[in-house]
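Structure first, commentary second.
The values are calculated or read from the model by the stated rules, or taken from the named source; none is laboratory data. Note that this is a predicted model, so its numbers are computed, not measured. Cβ atoms come from the backbone with ideal geometry, glycine included; neighbour counts cover every protein chain shown.
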Amino acid sequence: MIFEEIRKRAVAQWEALKNEAHILVGAATCGRAAGALDVIDAFKNELARQSIDVRIIQVGCIGLCYAEPLVIISKPESLRIVYHNITPDLVPRLVEGYIIGDDPCLELASGTLETDEREVPYIPELPRFEHELRLILRHCGYIDPENIHDYIANGGYNALEKALKMPPEKIIEEVKKSGLRGRGGAGFQTGLKWDLCHKANSKTKYVVCNADEGDPGAFMDRVILESDPHEVIEGIIIAGYAVGAQRGYIYVRAEYPLAIERVRKALRQGEEIGVLGENILGSGFNFHIEIAEGAGAFVSGEATALVAAVEGRRSEPRVRPPRLAEAGLWGRPTLLNNVKTFAYVPFIMRRGTDGFASIGTENSKGTAVFTLAGKIQFPGLTEVPMGTTLRRVVYDIAGGIRDGKQFKAVQIGGPSGGCIPENLLDLPIDFDSLYEAGSMMGSGGMIFMDEDDCAVDTARFFLDFTTKESCGKCTMCRIGTLQLLSILDDITTGKAKLEDLDLLQQLAEDIKMGSLCGLGRSAPNPVLTTMRYYGDEYKAHILEKRCPALVCKDLIAYYILPEKCDRACEHCVLVCPTEAIKGGKGEIKVINQEKCSKCGTCLEVCPPQYSAVVKISPVSKLPSSPTDKEASAQGGR
Amino acid sequence: MKEKGEEISTEGLQTILEKHKNDGKGLIPILLEIQKEFGYLPKEAMKNVAEVLKIKPVDVWGVATFFNQFRLTPLGKNHVKVCMGTACHLAGGRLVLEALERELKIKVGETSDDGHFSLERVACIGCCMLAPVMVIKDKIYPKMSSFKAEESLIPYRQESKPED
């Protein structure tokens, strides 16, 4: 069947769907974690009970993680309504109300996808969406990722059809002109990379898609693969045609089973309709894509290390040159790009280079995708034009810090990135500005911290991660990061001296210089940025043995305020795992500091009307009380 | 290291090896599949893989010990994973982990002597908005605390009580 007919059929199916009632449920991994599958079962049962036939479609993620499980109900001649935080017990209400009846159940709704005069917000006008610009996330959560026709009906594979009629040089020229830079983190010019691979002299070439999203706190590649896999696949096929490759690999981490399953299905459907495989769309171009399952190693995100993993070896980076474009997978010229980089390609081909290059800043074109997590009101996924300020992301999109707390920092780019403080929030986000601030775009994971988070502990956390993930090839990375971690351990436990800060600084810079790959070169970033912006906190830990955020265990003590403790309440006594709390019914409770393991359970269970348990730092500030001494003398209860 | 439970079904292993013998997909997918079959990578199986792929056993061992997914010991009946991603760390993931170590009387990476529980820390399961998160078997437990983590173990403990 020729593509024109496939497209017509896809559009007809899509239009037909609009004319029947149907339910979309966000069922990416994040939605499932929040209970989406139970909601789907509840819908099935309720619809069966009412004997009505309505299609339930599992879609990907719309990016509003805080609202999961998310349900969109669509009926002909009616508004499409988005419902948030739906649980199985709310399902009968939705079926009865909006599917059978005409009550839109507005008390459960986030908003509508069409305009309406009723008192329910129009979703595209919500503050968050006004600042967003969705180029590669535009289908996520709206189309069925397991149905290639949904993608085609929305303009999918048109770019491939167009590209196959162009000479490869012309495509590369377009990508160059668009100004697209690699979304894996470093921001290398994509067109240049393609050109190098295209010019490499070899009959056999490969294209590899890097979906080894290893940053603990970034999940956009997973969401894109789970929500709109064909967008990435189309980009890979176009790249394969442009550089002259015959085979592509998508390297996905095994931790993402749903992404693997959906990509596998998408590849099969692509072969069935002829956008993949032999003689693609009648052009004579042959291209196959396979999934290569990763087995979890942060360093595999590095291009040469990833190639080693696909070949079945330990993921150790190697010296470049030769570049992958000269000698990559099995020694052949290889083009390697990130999931998002490929996802932009169909857009660029369809809209022309100007459509892309007109968005963003002078040196960073297009949009940036970020995952938002940590202490904010609205965690999720967002896509904004390059050049948007951090302040806009924090306050207008993420809804600011939750529980009325103070913003402290945003960590961008995970273990390779850095902490950015409040006074730099007006920084326009692009590759270069973040680099100057000591951070980097990296994975695009943003973690927001509030006043309760300790800068030193956060740096220690990332170092702990990179130390474990270092492949061990370079001495500076293998041993240097371990030494950094050991100094940070000393600081967080109150054993450090002031001169250790100089050592920390020097060693951090040496590791940057003395490491081969991005992992080692960027590993000190969290330490360097926190030292730069939160130097006072480091000093408080060292000089006063005080953790200002009350996080570092060795520098804090738990204390029960006698004036707040309720004599009749025994919550803390009953849960304390080390029996460190003395005091029966009718007594004021006292913590035996020698027995206390600082697990925080007493603070957690102390009823909010008393809030008698507090953390104190430095430990020397702990009020001494006779009862306390008595308690330790008796060895507790 | 204990070598108990090394009696593996050769039949399952042979099927996997036969399937991948000549497909050129490399070592990692084979090891992943073996682990799926046995729950971990038995030494005997790794030796067989080396023979079939005509590579040195040390290269198989090298890969098996390099990647986080691979386990060299069998899992407990109830496998507990604690997320230690950035968001979970900030939200108190370490306290959750410590509570589980204390309650289960095993350290991270260990399996209890009776084989009922094993404990593992994982980098990020991508549910940052539900932090801190732990997973028992395949069920995700959102917004944990040391106290809630202890409580969540109760049904699994009852289920794994010896029948006497």
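Yes/no per residue for (1) crowded, with 20+ Cβ neighbours inside 10 Å; (2) within 14 Å of chain B (Cβ to nearest Cβ):
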{"residue": "A:18", "(1), (2)": "no, no"}
{"residue": "A:53", "(1), (2)": "no, no"}
{"residue": "A:63", "(1), (2)": "yes, yes"}
{"residue": "A:68", "(1), (2)": "yes, yes"}
{"residue": "A:73", "(1), (2)": "yes, no"}
Query raised in the report: In the range A:397-407, is there at least one residue being within 30 Å of residue A:315 (Cα to Cα), touching a Leu at 6+ places or on another chain (Cβ under 8 Å) and not assigned by TED's automatic domain parsing to the domain that holds residue A:126?
Result: no
Query - Members of the range B:97-118 found to be touching a residue at least 40 places away in the same chain (Cβ under 8 Å), more than 8 Å from chain A (Cβ to nearest Cβ) and of a type outside the set (D, E, K, R), listed by number - result: B:100, B:104, B:115, B:116, B:117, B:118
Requested in this report: Please determine, by comparing only the residues of the range A:578-594 that are assigned to a loop (DSSP other than H, G, I, E, B) and crowded, with 18+ Cβ neighbours inside 10 Å, which one is farthest from the chain's Cα centre (by Cα).
Outcome: A:583
Report task. Among the residues of the range A:123-143, write down those that are more than 21 Å from residue A:366 (Cβ to Cβ), free of Cβ contacts under 8 Å to residues at least 24 places away in the same chain and hydrophobic (A, V, I, L, M, F, W, C). Result -> A:126
Query - Filter result (out of contact with any helix residue (DSSP H, G or I) (no Cβ under 9 Å at 6 or more places or on another chain) and either more than 22 Å from residue A:39 (Cα to Cα) or of a type in the set (S, T, N, Q) (or both)) within the range A:5-24 - result: A:5, A:8, A:16, A:18, A:19
Report summary line: The condition of being assigned to a helix (DSSP H, G or I), over 22 Å from the mean Cα position of the chain (by Cα) and crowded, with 16+ Cβ neighbours inside 10 Å holds, among B:45, B:50, only for B:50
Query raised in the report: How many residues are without any contact (Cβ under 8 Å) to a residue 60 or more places away in the chain and on the phi > 0 side of the Ramachandran plot if we restrict to the range A:41-98?
Result: 3
Query raised in the report: Regarding residue A:80, is this residue modelled with pLDDT of 95 or more and basic (Lys, Arg)?
Result: no
Query raised in the report: Can you tell me which residues in the range A:436-479 are within 23 Å of residue A:398 (Cβ to Cβ), within 11 Å of chain B (Cβ to nearest Cβ) and of a type outside the set (A, V, I, L, M)?
Result: A:443, A:445, A:448, A:450, A:452, A:453, A:454, A:457, A:458, A:461, A:462
Report task. Report, by residue number, each residue of the range A:427-450 that is modelled with pLDDT of 95 or more and acidic (Asp, Glu). Result -> A:450
Requested in this report: Output the residues belonging to the range A:442-473 that are small (Gly, Ala, Ser), assigned to a loop (DSSP other than H, G, I, E, B) and within 20 Å of residue A:424 (Cβ to Cβ).
Outcome: A:442, A:443, A:444
Report summary line: Counted residues in the range B:55-72 being in contact with an Asp or Glu (Cβ under 9 Å, 6 or more places away or on another chain) and either facing chain A (nearest Cβ under 9 Å) or surrounded by 18 or more Cβ atoms within 10 Å (Cβ to Cβ) (or both) come to 4
Report task. For the range A:273-318, enumerate the residues that are free of Cβ contacts under 8 Å to residues at least 12 places away in the same chain and either farther than 13 Å from residue A:247 by Cβ or of a type in the set (Ser, Thr, Tyr) (or both). Result -> A:279, A:284, A:308, A:312, A:313
Report task. Go through the residues of the range A:308-329 one by one and say whether even a single one is in a strand (DSSP E or B) and of a type outside the set (Gly, Ala, Ser). Result -> no
Report task. Please determine, by comparing only the residues of the range A:197-213 that are touching an Asp or Glu at 6+ places or on another chain (Cβ under 8 Å) and crowded, with 24+ Cβ neighbours inside 10 Å, which one is farthest from the other protein chains (Cβ to nearest Cβ). Result -> A:211
**Report entry** Every residue from the range A:356-413 that is among the hydroxyl-bearing types (Ser, Thr, Tyr) and within 14 Å of chain B (Cβ to nearest Cβ)
**Finding:** A:371, A:382
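For every residue, the table says whether it meets (1) within 14 Å of another protein chain (Cβ to nearest Cβ); (2) part of a loop (DSSP other than H, G, I, E, B); (3) modelled with pLDDT under 95; (4) under 26 Å from residue A:310 (Cα atoms).
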residue: A:139; (1), (2), (3), (4): no, yes, no, no
residue: A:144; (1), (2), (3), (4): no, yes, no, no
residue: A:150; (1), (2), (3), (4): no, no, no, no
residue: A:174; (1), (2), (3), (4): no, no, no, no
residue: A:192; (1), (2), (3), (4): no, no, no, yes
residue: A:195; (1), (2), (3), (4): no, no, no, yes
residue: A:217; (1), (2), (3), (4): yes, yes, yes, yes
Query raised in the report: Which one is farthest from residue B:151 (Cα to Cα) among residues in the range B:73-91 that are within 12 Å of chain A (Cβ to nearest Cβ) and in contact with a helix residue (DSSP H, G or I) (Cβ under 8 Å, 6 or more places away or on another chain)?
Result: B:86
Report task. Evaluate the range A:271-287: report whether one residue or more is assigned to a loop (DSSP other than H, G, I, E, B), surrounded by 23 or more Cβ atoms within 10 Å (Cβ to Cβ), within 11 Å of chain B (Cβ to nearest Cβ) and out of contact with any strand residue (DSSP E or B) (no Cβ under 8 Å at 6 or more places or on another chain). Result -> no
Report task. Among the residues of the range A:80-109, count how many are out of contact with any Ser or Thr (no Cβ under 7 Å at 6 or more places or on another chain), surrounded by 14 or more Cβ atoms within 10 Å (Cβ to Cβ), more than 19 Å from residue A:32 (Cα to Cα) and of a type outside the set (Val, Ile, Thr). Result -> 11
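Quick grid of which residues meet (1) within 22 Å of residue B:124 (Cα to Cα); (2) touching a Cys at 6+ places or on another chain (Cβ under 7 Å); (3) among the aromatic types (Phe, Trp, Tyr):
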{"site": "B:40", "(1), (2), (3)": "yes, no, yes"}
{"site": "B:46", "(1), (2), (3)": "no, no, no"}
{"site": "B:55", "(1), (2), (3)": "no, no, no"}
{"site": "B:79", "(1), (2), (3)": "yes, no, no"}
{"site": "B:94", "(1), (2), (3)": "yes, no, no"}
Report task. Select from the range A:303-323 the residues that are within 27 Å of the chain's Cα centre (by Cα) and more than 14 Å from every other protein chain (Cβ to nearest Cβ) and write down the one among them that is surrounded by the most Cβ atoms within 10 Å (Cβ to Cβ). Result -> A:303
Query raised in the report: Can we say residue A:443 is touching a residue at least 40 places away in the same chain (Cβ under 8 Å) and assigned by TED's automatic domain parsing to the domain that holds residue A:393?
Result: yes
**Report entry** Hits in the range B:120-155 (condition: in a loop (DSSP other than H, G, I, E, B), within 26 Å of residue A:573 (Cβ to Cβ) and more than 7 Å from chain A (Cβ to nearest Cβ))
**Finding:** B:132, B:143, B:144
Report summary line: Of the listed residues (A:190, A:115), the one being of a type in the set (Ser, Thr, Tyr) and surrounded by fewer than 22 Cβ atoms within 10 Å (Cβ to Cβ) is A:115
